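These notes concern the structure reproduced below.
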Amino acid sequence: MSDAGVLENVAVAVSAGRIAAIGEARTLAGLHPDAQEVDCRGCVLTPGLVDSHTHAVFGRPRYNEHELRAAGVGYMEIAASGGGIHASVRDLRGRTEDELYRLSLPRVRRLAAFGTTTVEIKSGYGLSVDDELKSLRVIARLAAQLPMRIVPTWLGAHEVPLDYRERESGRDEYARLLTEEMLPAVNDSGLARFADIFCEPGVFSVDDSRAVLSAAKDAGLGIKLHADELENSGGAELAAELGAASADHLGAISEAGIKALAESGTVATLLPGTLLFLGRSKQAPARALIDAGAAVALATDFNPGSSPTVNFPLVLTLGVSQLRMSAAEVTIAATVNGAAALGLAAETGQIAPGFLADLALFEGEDFRELPYWYGDRRCRGSWARGETCHPHEPGLG
């Protein structure tokens, strides 16, 4: 992850949505005399950013909880009182599919404005068969409308609904509903590529997670985990055991979990914006993971409660300043390793012949400026499969 493979004074030729060649601009122009030219004016062209963990389909924001945490109320305490994910569930259940689509469309477009060309979007604010399917249909509509690549993930196991929590055997009943009713309905719909679960003490145990994810894997879905976010519970080890595409969060991962991920093909997806926004002083151990040999990705975790940001380059800033990663490491974590977390590493995340023409253009002379200008929107254009996601600004060609 220490070599970003930086090239200078080169051009990229795109044909039929894929990268056809990389080389000296005049040479490529001679080979493709009829091609439309985009003058990047010496700016930084990167692979399109791959945001491999978001919850971008939701209703109202939860800004009230931001103040509660500042007053010392904990994340799990807010959830136990009916806030947190439960608040978003109540809100989403009261909205129509069209409402959710209208709210979500501009949010996802803003992701593209910061250089993201591939985004994973999870359900998980429905927690019933009908409402989870409603969320997944919204994700499908976004994918059909936008040129960005959108990867849908079913997260029916995001929380145990309050009405189930109130019953003594409710947690077991909901786990059965997930595997016996919701998963078959989701699988029959063809609306999800991955299944995910929040493996955390007080939510779903390792045993619960193994049962749900094993069923999803048997049904043909890829699997991912919210693992060891606030407390260590062995979620990372489970992800490695099951061959999950990624284990995400990992703020409280153990040494055994680090070793398990390093010896597996599971990507460690870190979400530093979340722990920052929650006011946590301790971040995931990125250096230990990288030094052990794990593949590390970064993502925004864009959601209404714990990471309300669409600014992926800001997450790269946090990767350098909070996780002690290098500029090369955060760039790779936001591109090819993010693609690997979605099973797309052979298609996107690199500027190389044969790869899809997923590109992002940033103002600056050096790729290290991308995490340096923190909070600033430096993206001047983004393209997915050669199609414009975010307009290339007029002053640049």
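Here are some notes:
- Protection-proxy order for peptides 317-325, 33-41, each taking the mean of Cβ atoms within 10 Å per residue, highest first: 317-325, 33-41
- Shown is the FRET efficiency for residue 70 and residue 210, computed with R0 = 30 Å from the Cβ-Cβ distance and rounded to the nearest 0.05: 0.25.
- Burial order of peptide ranges 377-388, 201-212 (average beta-carbon count within 10 Å, highest first): 377-388, 201-212
- Per-pair calculated FRET efficiency, R0 = 51 Å: residue 63 and residue 8 via Cβ, rounded to 0.05: 0.70
- Assigned charges on the beta-carbon of Lys, Arg, Asp, Glu; the chain dipole about Cα centre (debye): 760 debye
- When you filter the trypsin sites (Lys or Arg not before Pro) in the range 260-307 for DSSP loop state and at most 14 other Cβ atoms inside 10 Å of their Cβ, you are left with 282.
- Estimated FRET transfer efficiency when R0 is 35 angstrom, pair residue 326-residue 217 (beta carbons, to 0.05): 0.50
- Dipole of the range 49-340, positive end: most advanced residue of 304, 186, 238 [Cβ charges, Cα centre]: 304
- Our summary gives the range 49-340 a relative contact order of 18 percent, counting only alpha carbon pairs under 8 angstrom and 6 or more residues apart.
- Under a 5 Å amide H cut-off, with hydrogens placed 1.01 Å from N, residue 18 pairs with 357 among residues at least 5 apart or on other chains.
- Length released on extending from residue 98 to residue 36, taking residue separation times 0.36 nm less the Cα-Cα span: 18.6 nm
- In order along the range 67-84, the Karplus-derived 3J(HN,Hα) couplings, from 6.51 cos²θ - 1.76 cosθ + 1.60 at θ = phi - 60°, round to 5, 4, 5, 4, 8, x, 7, x, 4, 6, 5, 4, 5, 5, 8, x, x, x Hz, and Gly and Pro are given as x.
- Relative contact order (%) - criterion: Cα under 8 Å, at least six apart; region: the range 169-302: 17 percent
- 0 to 90° range, to nearest 10: angle between helix 97-113 axis and the chain longest Cα axis: 40 degrees
- At 1.306 mPa s and 10 °C, Stokes diffusion of the range 252-397 via Kirkwood alpha-carbon radius, µm² per second: 98 µm²/s
- Available extension along the chain between residue 291 and residue 24 is 92.5 nm, counting 0.36 nm per residue and deducting the alpha carbon span.
- Label-to-label distance, nm, for residues given as residue 90 and residue 171 (7 Å Cα→Cβ offset): 2.3 nm
Just so you know, all these numbers are worked out from the coordinates, no wet-lab data involved. Source: prediction; values computed, not measured. With ideal geometry, Cβ positions are generated from the backbone for all residues, glycine too; neighbour counts draw on all protein chains shown.
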